[in-house]
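**Q** Okay, here's the structure, questions in a sec.
No lab work stands behind these numbers, since they all come straight from the coordinates. All values reported here derive from a predicted model rather than from experimental measurement. Using ideal geometry, Cβ is built from the backbone for each residue, glycine included, and neighbour counts are taken over all protein chains shown.
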Amino acid sequence: MAERAIRVFLDSNVIISGLLSDKGPPRVILDILSLGFPFLIGLTGRYNLVEIERNLKKKLPELLPLYRKYLPKVNLKAVPLPKPEELEKFSGIIAQKDVPVLVSAIKGQADFLVTGDKRHFDKIKITPSTPFKIVTPGEFLDLLGPEILKKIGKAGRED
């Protein structure tokens with residue numbers, strides 16, 4: 001029986017940071033996801049994609065062409081926008097702008113929510129409805145880097 005793929009949800013700030021730098025944990029995560037390994041599924045929310053476009057248009061319009069060219073190569077699955085009733089459960093617990101991110105990660109059945117703003121999610125307790133770890137890009141690589149390298153090595157030997 002095949003192992004279940006690890007589902008990693010990327011917050012907007014991780015995607016933008018990964019595009020802006022050619023090194024560092026956000027870029028490493030994007031590069032790993034762009035390799036298309038079946039044991040790792042990259043996710044983000046449609047909400048996040050709208051937020052990224054809006055921020056790039058406003059602050060870094062020259063980066064838009066790179067973003068539009070590079071994003072499809074990262075193989076991220078976009079989780080549909082949450083419905084208002086799905087957002088209600090978490091309203092008032094965390095900043096309103098972060099609620100759609102959290103709900104999208106839940107809807108995407110993420111194992112990890114990777115964010116550069118981990119402190120924004122501090123009030124969230126891991127429960128059956130939020131069964132994923134909320135980690136920084138560096139923490140994600142520390143936790144899963146060795147496992148990913150092992151799986152890459154196995155995949156290379158099978159070819």
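**Q** Based on Cα positions only, what radius of gyration and what Dmax would you give for segment 6-154, in angstroms?
**A** Every Cα atom of segment 6-154 included, Rg and Dmax give 14.9, 45 Å.
**Q** Please work out how much length the chain gains when fully extended from Arg68 to Gln109, using 0.36 nm per residue of separation minus the C-alpha to C-alpha distance, in nm with one decimal. Each step should come with its number before you reach the end.
**A** Values: separation 41, 0.36 × 41 = 14.76 nm, distance 2.55 nm.
Full extension from Arg68 to Gln109 adds 12.2 nm.
**Q** So between Lys133 and Arg54, what do we pick up on full extension, going 0.36 nm a residue minus the alpha carbon distance?
**A** Gain in length upon complete extension: 25.7 nm.
**Q** Ok, one more. Rank-order 21-28, 136-143, 6-13, 44-51 by packing density, defined as the average count of other C-beta atoms within 10 Å over each peptide's residues, highest first. Provide the component values of the computation, followed by the final result.
**A** Details: 21-28: 15.8, 136-143: 17.5, 6-13: 24.0, 44-51: 20.5.
Averaged packing, sorted descending, gives the order 6-13, 44-51, 136-143, 21-28.
**Q** Search the structure for amide H atoms under 5 Å from the amide H of Ile41, placed 1.01 Å from N in the peptide plane, and list their residues when 5 or more places away or on another chain.
**A** Close amide H contacts, sequence-distant or interchain: Ile6, Arg7, Val8.
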